[in-house]
Amino acid sequence: HVQLVESGGGSAQAGGSLALSCEASGYTDSTYCVGWFRQAPGAERVGVASIFPNGASTDYADSVKGRFTISVDNGRNTVYLQMNSLTAEDTAMYYCAAKAGSCAAGRKSADFDYWGQGTQVTVS
């Protein structure tokens, strides 16, 4: 089964940048969707971005559109989230998640079957 490991979390100043990585293993085919989610204390977990490498399609939450970029290196089985122009509102635990099939079939957290352990992002 799919295993996901996030890295790259840490602290940044407002207006700065961070890059997150999600390394996957256990995939048996390329028909999957990978998403990034975040959850601040006392808040619901919400989707940030998703990518369907087999189709080169991406999707972003309005709150991060134009600032964050999701990308994939299929050779390394790694999905990235480049975060620019960070604000305090971006502070959260960030999770990588995956599911079989197209991202268009569902982008809620409940639609994703496999999850990483999370990595903390703090912006001040």
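The values are calculated or read from the model by the stated rules, or taken from the named source; none is laboratory data. This structure is a prediction, so every number in the text was calculated from the model and none was measured. Neighbour counts are summed over all protein chains in view; Cβ atoms, including those assigned to glycine, are modelled from backbone coordinates with ideal geometry. Accessible surface areas use protein heavy atoms only, side chains included; no ligands, DNA or RNA. Shrake-Rupley method; radii C 1.70, N 1.55, O 1.52, S 1.80 Å.
Does Gly75 satisfy the condition of being part of a helix (DSSP H, G or I) and either open to solvent by 60 Å² or more (accessible area, probe 1.4 Å) or closer than 16 Å to Val2 by Cα (or both)?
Yes.
Given (1) under 14 Å from the mean Cα position of the chain (by Cα); (2) of a type outside the set (Ser, Thr, Tyr); (3) under 13 Å from Ala12 (Cβ atoms); (4) open to solvent by less than 10 Å² (accessible area, probe 1.4 Å), where does Leu86 come up short, assuming only one miss?
Of (1) under 14 Å from the mean Cα position of the chain (by Cα); (2) of a type outside the set (Ser, Thr, Tyr); (3) under 13 Å from Ala12 (Cβ atoms); (4) open to solvent by less than 10 Å² (accessible area, probe 1.4 Å), only one is false for Leu86: (1).
Tell me which residues, restricted to region 15-41, are farther than 15 Å from Gln82 by Cα and either among the aromatic types (Phe, Trp, Tyr) or modelled with pLDDT of 95 or more (or both).
Once the filter is applied, which keeps residues that are farther than 15 Å from Gln82 by Cα and either among the aromatic types (Phe, Trp, Tyr) or modelled with pLDDT of 95 or more (or both), region 15-41 yields Tyr27, Tyr32, Gln39, Ala40.
Residues are listed down the side, and each one gets a yes or a no for (1) in contact with an Asp or Glu (Cβ under 6 Å, 6 or more places away or on another chain); (2) assigned to a loop (DSSP other than H, G, I, E, B); (3) in contact (Cβ under 8 Å) with a residue 40 or more places away in the chain; (4) open to solvent by less than 60 Å² (accessible area, probe 1.4 Å):
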position: Val5; (1), (2), (3), (4): yes, no, yes, no
position: Ser21; (1), (2), (3), (4): no, no, yes, yes
position: Arg38; (1), (2), (3), (4): no, no, yes, yes
position: Pro41; (1), (2), (3), (4): no, yes, no, no
position: Val64; (1), (2), (3), (4): no, yes, no, yes
position: Met93; (1), (2), (3), (4): no, no, yes, yes
position: Gln117; (1), (2), (3), (4): no, yes, yes, no
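From Thr58, Thr28, which residue is surrounded by fewer than 20 Cβ atoms within 10 Å (Cβ to Cβ), out of contact with any helix residue (DSSP H, G or I) (no Cβ under 6 Å at 6 or more places or on another chain) and in a strand (DSSP E or B)?
Thr58
Would you check which residues across region 7-19 are assigned to a loop (DSSP other than H, G, I, E, B), under 17 Å from the mean Cα position of the chain (by Cα) and surrounded by fewer than 14 Cβ atoms within 10 Å (Cβ to Cβ) and list them?
Across region 7-19, the qualifying residue is only Ser17.
Which members of region 68-91 meet the condition of being closer than 13 Å to Glu23 by Cα and touching a residue at least 12 places away in the same chain (Cβ under 8 Å)?
Ser71, Val72, Asn74, Arg76, Asn77, Thr78, Val79, Tyr80, Leu81
Anything in region 95-105 that is open to solvent by 10 Å² or more (accessible area, probe 1.4 Å) and within 22 Å of Gly66 (Cα to Cα)? List them, or say none.
Listed by number, the residues that qualify are Tyr95, Ala104.
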